[in-house]
Amino acid sequence: MKLEELIEYLDYKDLVNFKSVEVSGISYNSKTTKQGDIFVCLVGEHTDGHEYAQMAIDNGAVALLAEHPVDIKIPQVIVSNTRHKIADIADRFYSRPSLGLNLIGITGTNGKTTVTHLIQRIFEENHQKCALIGTLGYKLSSNGEYRDAKHTTPQAPELQATLRMIKDVEKIDNVVMEVSSHALEQNRVGGCRFDGAVFTNLTQDHLDYHVTMENYFNAKAILFKKLKEGNFAVINIDDEYGKRFLEIVPEDVRKYTYGVKNKADVMAKDVEFSLNGAEFTLLTKDGEYKVSLHMNGMFSVYNVLAAVTAAIAQGIDIKVALRALENVKGVAGRFEVVAKKPLVIVDYAHTPDGLENVLNSAREITPKDGKLICLFGCGGDRDATKRPKMGAIAEKIADKIVITSDNPRSEDPQQIITDIIAGLKSVDPEKVTVEPDRGRAIELLKTISNNNDVIIIAGKGHEDYQILKDKTIHFDDREEARRVFEGTAV
């Protein structure tokens, strides 16, 4: 594509050394820049892409997208914010792929991954192909393999390239995508035309980045504000932010609510839990339906309500949707049972609300003569204010807790643990065990549990790595738990 075509609709400030050149790709990493790329000088917290412009040119870049001119004789397009404008040129370069897709965005603190998987299953039950983009990567069918993604929502060039591939190569017309607050704030989904958006919940997370809950809300709200006439919005009305999301949805967008506590378009009542899963009665304007899930916990009920409501919004028969959901065994690392005696469950819960939901769900299925045991830690270089809150929640709900490392990153694991302990009322050795080494902590679970106990290993879920100060190692909670409790070799 010619450079002048690429920037035809771009709101730029200036053109420097401009001439017609052929652009064959978009790059923002100078090390991986290829011949013919336009190099985007991204400005981040720790690096400034303008400093790497020469390296990018040495590797073949033919033009720059920059925030200020660089003293290099090469065509430069000057914009106010390269992090935002990279999405615009990516959308243009890949010929606006979302226009040819039914694109559904799922946002919220917890539940995004599960809801995307559930909606994908519903489409397939309705004999429609659906691709999924999210935390675990992207996949072209529910039975397909994940392909790697570095972020919950990829950077704009990779995202637009993936959407174009899904449409043209795979001939898939439906895409359900997790949309993180970072992706919205940084405009990584800029250019995407969403046909529908789903809000799951909003609780404390990522405040190391957003600083306040108001900023966090405003980032999530971007997805709904951009909906157009005829699109749909699905809102969890039980969440304390639900009404605010409803209010910011444009007037001509179709609105649907779901919930358990408050009156909603789609509701669950008479919810019951057992070791086999959850059962409830689904209420819709078209009638009542009995639902039996293999998934467990109230959070699973909410995730199912979100998926069912999204299906209703798209005119999919509710019986088809329920048939798909009742066949779902679960999602990797989300309340995933990895051993039976004791019942050991691995979950991705890494926020105060997420941990509280998982522990309350586990309490529902803990035998009267059994104990609820929780192992968890908190990530380093992330919002530290949630650490004591998570400690207090674990102490309040669980009978025993094991505090350990999560992904400490550059922080001292012991300091993270100290922050967690600050939320405890007491460090009773009968109830509280501290072991910074996560592997050894999981082994300790064996010594403090009985066969009728329920154990929650929280924080990492599907992750198969641990990020330490100086390296990243292979580590999978599920593998470790199976090795300890079932003697399965890793």
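The values are calculated or read from the model by the stated rules, or taken from the named source; none is laboratory data. Just so you know, these numbers come straight off a predicted model, no measurement behind them. Reconstructed Cβ throughout: ideal geometry from the backbone, glycine too, with neighbour counts over all protein chains shown.
Side notes on the structure shown:
- Of the residues in segment 474-482, at least one is in a strand (DSSP E or B), farther than 13 Å from residue 346 by Cβ and touching an Asp or Glu at 6+ places or on another chain (Cβ under 8 Å).
- Looking across 16, 21, one residue alone is in contact with a Pro (Cβ under 7 Å, 6 or more places away or on another chain), at pLDDT 95 or above, surrounded by fewer than 20 Cβ atoms within 10 Å (Cβ to Cβ) and under 18 Å from residue 94 (Cα atoms). It is 21.
- Within segment 94-150, being over 17 Å from residue 329 (Cβ atoms), touching a residue at least 40 places away in the same chain (Cβ under 8 Å) and among the aliphatic types (A, V, I, L, M) holds for 99, 101, 103, 104, 106, 131, 133.
- Meets criteria (closer than 30 Å to residue 146 by Cβ and surrounded by 12 or more Cβ atoms within 10 Å (Cβ to Cβ)) for residue 398: no
- Residue 394 under 24 Å from residue 113 (Cβ atoms), touching a helix residue (DSSP H, G or I) at 6+ places or on another chain (Cβ under 9 Å), at pLDDT 95 or above and among the small types (Gly, Ala, Ser): yes
- Considering 246, 275, the condition of being at pLDDT below 90 and either in the same structural domain as residue 192 (by TED's automatic domain parsing) or under 26 Å from the mean Cα position of the chain (by Cα) (or both) is satisfied by 275 alone.
- Scanning segment 128-186 for residues that are hydroxyl-bearing (Ser, Thr, Tyr), modelled with pLDDT of 85 or more and assigned to a loop (DSSP other than H, G, I, E, B) yields 141, 142, 180.
- Taken over segment 373-388, the criterion of being surrounded by 21 or more Cβ atoms within 10 Å (Cβ to Cβ) and of a type outside the set (Val, Ile, Thr) is satisfied by 374, 375, 376, 377, 378, 379, 386, 387.
- The set of residues in segment 272-303 being among the hydrophobic types (A, V, I, L, M, F, W, C), under 22 Å from residue 117 (Cα atoms), without any contact (Cβ under 8 Å) to a residue 40 or more places away in the chain and surrounded by fewer than 22 Cβ atoms within 10 Å (Cβ to Cβ) consists of 291 alone.
- Count of residues meeting criterion [closer than 13 Å to residue 294 by Cβ, surrounded by fewer than 23 Cβ atoms within 10 Å (Cβ to Cβ) and in contact (Cβ under 8 Å) with a residue 12 or more places away in the chain] in segment 332-358: 1
- Residue that is touching a strand residue (DSSP E or B) at 6+ places or on another chain (Cβ under 7 Å), modelled with pLDDT under 95 and among the charged types (D, E, K, R), where the choices are 112, 34, 73: 112
Condition check ((1) in contact with a Gly (Cβ under 8 Å, 6 or more places away or on another chain); (2) not aliphatic (A, V, I, L, M)) across all residues:
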| residue | (1), (2) |
| --- | --- |
| 28 | yes, yes |
| 31 | no, yes |
| 44 | no, yes |
| 48 | no, yes |
| 51 | no, yes |
| 55 | no, no |
| 59 | no, yes |
| 82 | yes, yes |
| 99 | no, no |
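- Any chance residue 399 is more than 22 Å from residue 295 (Cα to Cα) and in contact with a strand residue (DSSP E or B) (Cβ under 7 Å, 6 or more places away or on another chain): yes
- Residues within segment 475-488 that are under 21 Å from the mean Cα position of the chain (by Cα) and without any contact (Cβ under 8 Å) to a residue 60 or more places away in the chain, tallied: 2
- Count of segment 188-206 residues which are of a type in the set (Ser, Thr, Tyr) and at pLDDT 90 or above: 1
- Restricting attention to segment 232-252 and to residues that are farther than 22 Å from residue 216 by Cβ and not aromatic (Phe, Trp, Tyr), the residue that is surrounded by the most Cβ atoms within 10 Å (Cβ to Cβ) turns out to be 252.
- Among the residues of segment 261-280, the ones that are out of contact with any strand residue (DSSP E or B) (no Cβ under 6 Å at 6 or more places or on another chain) and in a strand (DSSP E or B) come to 2 in all.
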